[in-house]
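The values are calculated or read from the model by the stated rules, or taken from the named source; none is laboratory data. These figures come from a predicted structure and were not determined experimentally. Neighbour counts are summed over all protein chains in view; Cβ atoms, including those assigned to glycine, are modelled from backbone coordinates with ideal geometry. To get the accessible areas, we keep the full protein, side chains included, count just its heavy atoms, and leave off ligands, DNA and RNA. Shrake-Rupley method; radii C 1.70, N 1.55, O 1.52, S 1.80 Å.
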Amino acid sequence: MAKLKQLFSIDVIRKIVLIYMLVQPIVDITTSFLVRAGMDVTFGVILRALFLAFMGCYAFFFYRGPKRKLVIAYLVAVIAFVAVQLVQLFAQGGMGVLFTNLKETIKVFYFPCVLVAFWALYREFGYLVSNRSLVAIGVFYTLTIFISFVTDTSFQSYNGNGYCGWFYAANEISSITLILSPLVCYYFTNKTAYTGLLESPWAKRVSRIALGAISVILMLFAGTYLATKAALLGIAVYLICFLLWSVFRLEITRDKLHLFRMSAAILMIAALVVLYLTSPVRQHLTERLPWFHYVQVQTGATAPPATTTAPATTKPTTTPQTTIAARPTTNAKIYRIANWLLSSRLSNSRSVLFQYAESGMVQKLTGLGYTMQPSYRYNVAIAVEMDFISVLYRHGIIGLLLFSAPFFSLLACALRRALKALKGCLASLLWCTSLYQTMIAFAVGFLIGHTFVAPAVSIYAICSLLRLLAETDRIYAEHKNALPPKK
């Protein structure tokens, strides 16, 4: 027992978390090569499952901070739900179905469980993941993409229209780049960086500027050469907001720090424009996107739902054409536009929607799982890329509530407290950056996917939300201490 307590001491936990975070890019590259070699269970899957188990043990057995009973109750609820769903799927499909669903379920509930465990760490010991380590991780991700591009060893994305480095999924790397890029831009323009430039000798000043410029350019390079619309748009919106915020703060405070930030924002926007003009994402937006608009919106071409042949013993009670009231709306122009903007994510997942709509109450509550069952009439094994909708179909209403409750609860807590010190929060670039990272992660996860249900990405959404909460608590405490005592 003493050795276990030592294993879960704050010093050991801090080291494990730091090492785990720093090896993420290496894990993702290794996973990419193993998956391309045909391996189903990779080192990344095993490592993240072990980390999930470690953090779960800490939260369940060793956490002694506030709301301990609530944390334990949540983890018990997740374990009980997962067990019930897996038993149900095993009874219907056997061991193969159980294995596939177990692997995907771990990936999905990694996010809320690690989020709860990180919150417990924060409440007991403070925020542990430094901005410096996250910036180093983001720069390393994008550096490998740049090196692979220069050496012509990069895997291609979007049928050869983009470059995802040595990684496997361009959408996941796009989400990582999108979430970490704002922090990189903040880190090299914060007050510490500005003061360091002013106080450093000339040679060191040049090296600091070069390091910041190279780091930011690498992030912008990845945002454009991955050829994903989300990365480009998300980074561009942040830089515009950063520029407007700096102008506004300069007008109010006349502080030269904000003049420095405004100049940096202008240079970053200019660099993004130059990279965009020479990048694959420009071709994607100016050639492929209009072509898809013509095919999907103007002509209304959509793929029919994928069906599966039911066994002879299965007697369908209804036909798909009469049970799904939403089907006639798939030809509506608003649907075609949304489907076009979401890269056919709506039409591609129609078969899973149809099966979920035809399922009974038990399956609506617990979900369809990830594999075909004898009773299914439509193919549910295809990917549903929008995270929250995917969780609804795969794990039902109960699973969706368990999946999303920690995120929305902590976000609501941070925003509710921020409203009590709103002026201080809006004056903090770190708070605004953390809020943007959290909200853009939610937007990308909800509309595009590959964020909250991908452990490689969701860990950075967790860090963004916890930093937002920590910064909010810090500003609120300063605001509260500045108030005159009540008489």
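Just checking, which of Ala477, Ala405, Ala441 is assigned to a helix (DSSP H, G or I) and open to solvent by less than 20 Å² (accessible area, probe 1.4 Å)? The match here is Ala441. Looking at the stretch 112-129, which of the residues that are out of contact with any Pro (no Cβ under 6 Å at 6 or more places or on another chain) and of a type in the set (Val, Ile, Thr) is nearest to Cys57 (Cα to Cα)? Here the answer is Val114.
Only one residue in Phe99, Phe109 is within 21 Å of Gly369 (Cα to Cα), open to solvent by less than 40 Å² (accessible area, probe 1.4 Å) and not polar (S, T, N, Q), so which one is that? Talk me through it step by step, then tell me what you get.
Values: Phe99 fails: open to solvent by less than 40 Å² (accessible area, probe 1.4 Å).
Only one candidate passes the filter, namely Phe109.
Every listed requirement among (1) under 25 Å from the mean Cα position of the chain (by Cα); (2) in a helix (DSSP H, G or I) is met by Met39 save one, (2). Give the stretch 66-80 a look and list any residue that's open to solvent by 20 Å² or more (accessible area, probe 1.4 Å) and either in contact (Cβ under 8 Å) with a residue 12 or more places away in the chain or farther than 17 Å from Lys107 by Cβ (or both), or say none. Correct list: Pro66, Lys67, Arg68, Lys69, Leu70, Ile72, Ala73, Tyr74, Val76, Ala77, Ala80. Across the stretch 238-247, the qualifying residues are those that are free of Cβ contacts under 8 Å to residues at least 60 places away in the same chain and open to solvent by 30 Å² or more (accessible area, probe 1.4 Å), and the one among them that is farthest from Val281 (Cα to Cα) is Val247.
Hey, Ala427 hits all of (1) closer than 23 Å to Pro66 by Cα; (2) surrounded by fewer than 17 Cβ atoms within 10 Å (Cβ to Cβ) but one; which does it fall short on? For Ala427, the failing item is (1). Quick one: in the stretch 1-11, of everything that is over 17 Å from Ser133 (Cβ atoms), open to solvent by 50 Å² or more (accessible area, probe 1.4 Å) and not polar (S, T, N, Q), which residue is modelled with the lowest pLDDT? The residue in question is Met1. Pairs meeting the criteria (first residue in the stretch 358-373 and modelled with pLDDT under 90, second residue basic (Lys, Arg) and open to solvent by 20 Å² or more (accessible area, probe 1.4 Å), beta carbons under 9 Å, at least 6 apart or on different chains) are Glu358/Arg377; Tyr370/Lys103.
Yes/no per residue for (1) at pLDDT below 90; (2) part of a helix (DSSP H, G or I); (3) within 25 Å of Leu447 (Cβ to Cβ):
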residue: Tyr186; (1), (2), (3): no, yes, yes
residue: Leu211; (1), (2), (3): no, yes, no
residue: Ala222; (1), (2), (3): no, yes, yes
residue: Val237; (1), (2), (3): no, yes, yes
residue: Phe242; (1), (2), (3): no, yes, yes
residue: Ile252; (1), (2), (3): no, yes, no
residue: His284; (1), (2), (3): yes, yes, yes
residue: Pro290; (1), (2), (3): yes, yes, yes
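Set side by side, the residues Ser434, Ser409 differ, and just one is modelled with pLDDT of 95 or more and under 26 Å from Met262 (Cβ atoms), which is Ser434. Whenever a residue of the stretch 24-45 is more than 15 Å from Ala456 (Cβ to Cβ), its partners that are open to solvent by 60 Å² or more (accessible area, probe 1.4 Å) and not in a helix (DSSP H, G or I), lying with C-beta atoms within less than 8 angstrom and at least six residues away or across chains, give the pairs Arg36/Tyr168.
Any idea which residue in the stretch 248-277 is most open to solvent (accessible area, probe 1.4 Å), counting only those that are more than 15 Å from Thr189 (Cβ to Cβ) and of a type in the set (D, E, K, R)? Filtering first and then ranking leaves Arg254. Only one of the numbered conditions (1) farther than 27 Å from Cys164 by Cα; (2) touching a residue at least 12 places away in the same chain (Cβ under 8 Å) is violated by Lys204, and that is (2).
Just to be sure, is Val457 open to solvent by less than 10 Å² (accessible area, probe 1.4 Å), farther than 28 Å from Leu239 by Cβ and under 18 Å from the mean Cα position of the chain (by Cα)? Taking the combined requirement at face value, the residue does not satisfy it. Is one or more of the residues making up the stretch 49-64 surrounded by fewer than 17 Cβ atoms within 10 Å (Cβ to Cβ) and outside any helix (DSSP H, G or I)? Yes, there is a match, as at least one residue in the stretch 49-64 is surrounded by fewer than 17 Cβ atoms within 10 Å (Cβ to Cβ) and outside any helix (DSSP H, G or I).
Only one residue in Ile173, Ile179, Ile147 is at pLDDT 90 or above, open to solvent by 20 Å² or more (accessible area, probe 1.4 Å), on the phi < 0 side of the Ramachandran plot and β-branched (Val, Ile, Thr). Which one?
Numbers: Ile173 fails: open to solvent by 20 Å² or more (accessible area, probe 1.4 Å); Ile179 fails: open to solvent by 20 Å² or more (accessible area, probe 1.4 Å).
None of the others qualify; the one that does is Ile147.
Within the stretch 19-38, the set of residues being over 14 Å from Met55 (Cβ atoms) and surrounded by fewer than 18 Cβ atoms within 10 Å (Cβ to Cβ) comprises Leu22, Val23, Ile26, Thr30, Phe33, Leu34, Val35, Arg36, Ala37, Gly38. When restricted to residues that are part of a loop (DSSP other than H, G, I, E, B), modelled with pLDDT under 90, open to solvent by 40 Å² or more (accessible area, probe 1.4 Å) and within 19 Å of Thr30 (Cα to Cα), the stretch 153-170 contains 2.
Screening Arg14 against (1) modelled with pLDDT under 95; (2) farther than 28 Å from Arg132 by Cβ; (3) open to solvent by 50 Å² or more (accessible area, probe 1.4 Å); (4) assigned to a helix (DSSP H, G or I) leaves a single unmet condition, (2). Scanning the stretch 379-393 for residues that are open to solvent by 20 Å² or more (accessible area, probe 1.4 Å), assigned to a loop (DSSP other than H, G, I, E, B) and touching a helix residue (DSSP H, G or I) at 6+ places or on another chain (Cβ under 6 Å) yields Asn379, Glu385.
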